[in-house]
1. For residue 231 and residue 277, what does the FRET efficiency come to when R0 = 22 Å and r is the distance between their Cβ atoms, rounded to the nearest 0.05?
2. Could you sort 250, 220 by accessible area so the largest value comes first, with the probe set to 1.4 Å?
3. Name the residue from 102, 189, 207 whose Cα lies farthest towards the positive end of the charge dipole of segment 91-218, charges +1 on Cβ of Lys and Arg and -1 on Cβ of Asp and Glu.
4. Work out, step by step, the length gained on full extension between residue 12 and residue 197: first 0.36 nm times the residue separation, then minus their alpha carbon distance; give nm to one decimal.
5. Could you compute how much accessible surface residue 59 exposes when probed at 1.4 Å, giving the result in Å² to the nearest 10?
6. Kindly sort 1, 231 by accessible area of their heavy atoms, largest first, with the probe set to 1.4 Å.
7. In degrees between 0 and 90, to the nearest 10, how far off the longest principal axis of the chain does helix 136-147 point, with axes built from Cα atoms?
8. If you average 1/r across every pair of different Cα atoms in segment 144-191 and take the reciprocal, what Kirkwood value do you get, in Å?
Amino acid sequence: RPIVKLIVKMVNPQLNSKNKKSTRMLDPFCGSCGFLIESFKNILETGKVKTKDVPLLQRSFFHGYEKKSLPYLVGLMNCILHELITPNVERRNSLNNNIMTFTSEEKFDYVLTNPPFGGVENKQIQQNFPIKHSATELLALQQVMRRLKINGKCGIVVPDGLLSQGLGYGKVKKELLENYNVHTIISLPPGVFANVTASGQGPKTSLIFFDKSGKTKKIWYYELEPKGGKRYSKANPISEVDLVDCYEKWKKKSVSSNSWIYTIDDIVEKEFDLSAQNPNKEKQRVYEDPNEV
């Protein structure tokens, strides 16, 4: 939940009803609808929602897709319990859409999501994507990219392997950097998602934030580390307090011992490897004398 709240705060989806059509938000892998609910709360807390805007907020702004029946039902119930009474949540596999033929009605101003990791899709599903691959996380990233309107904003959770791998992964990342403004990547330590796994620490993940406003010029990185050297786990979960430093530094794009900036030239030189490799740690590394080794 703290990660969901951080993503919502950073993307800051807002209802804009000045136009004939209001802004809209999508979570194409919505599960229990955490992103929809936290965004709903965030909008209400701004205090700018007028009475005439309530129907738009309740009926038009929020959209979600969920493949599995039980999470779909849990998500609907969760929305209703948090007073989001009529969200547009549908039970469907969003990867089953041909992303190369999306119309303007199928694109959104905001996309916030935590897609499935480690799954595989068959060749029939892969035909829906320009860069065909069986990995669900890579297909999900392509889906999210094509779902954004011009100037649309996205916050997405991805496994670290997506950031570092080449081949098909590299082609998608190249398109992402050339056609979207990737402005922030936050590296999370192991154990952050321990509470959603049957055993172990869960996947090592990162958060990517980008918008459809032009190509990437530079990326602000932040490396989150547990305080006191303790590892995150089910018994020691991440808290909102642990993310305060990240959010405050992100607002100013501050450079520090755990935050840095890479230019697009740096990324190209690394062959589109977007993984968080803290340059400050490289400088601090002290090697033993070769004779002692």
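The values are calculated or read from the model by the stated rules, or taken from the named source; none is laboratory data. A quick note: this is a predicted structure, and the numbers were derived from the prediction, not measured. Backbone-built Cβ (ideal geometry, glycine too); neighbour counts: all protein chains shown. Each accessible area value is taken on the protein alone, full model and side chains, heavy atoms only, with ligands, DNA and RNA left out. Shrake-Rupley method; radii C 1.70, N 1.55, O 1.52, S 1.80 Å.
1. Details: r = 21 Å, r/R0 = 0.94.
For residue 231 and residue 277, the calculated efficiency is 0.60.
2. Details: 250 35, 220 5 Å².
From most exposed to least exposed: 250, 220.
3. Value: 102.
4. Details: separation 185, 0.36 × 185 = 66.60 nm, distance 2.83 nm.
This chain segment gains 63.8 nm when fully extended.
5. Roll a 1.4 Å probe over it and residue 59 shows about 150 Å².
6. Numbers: 1 130, 231 175 Å².
Largest accessible area first, the list is 231, 1.
7. Taking the Cα atoms of the chain, the angle to 136-147 is about 60 degrees.
8. Numbers: mean 1/r = 0.0820 Å⁻¹.
This gives a value of 12.2 Å.
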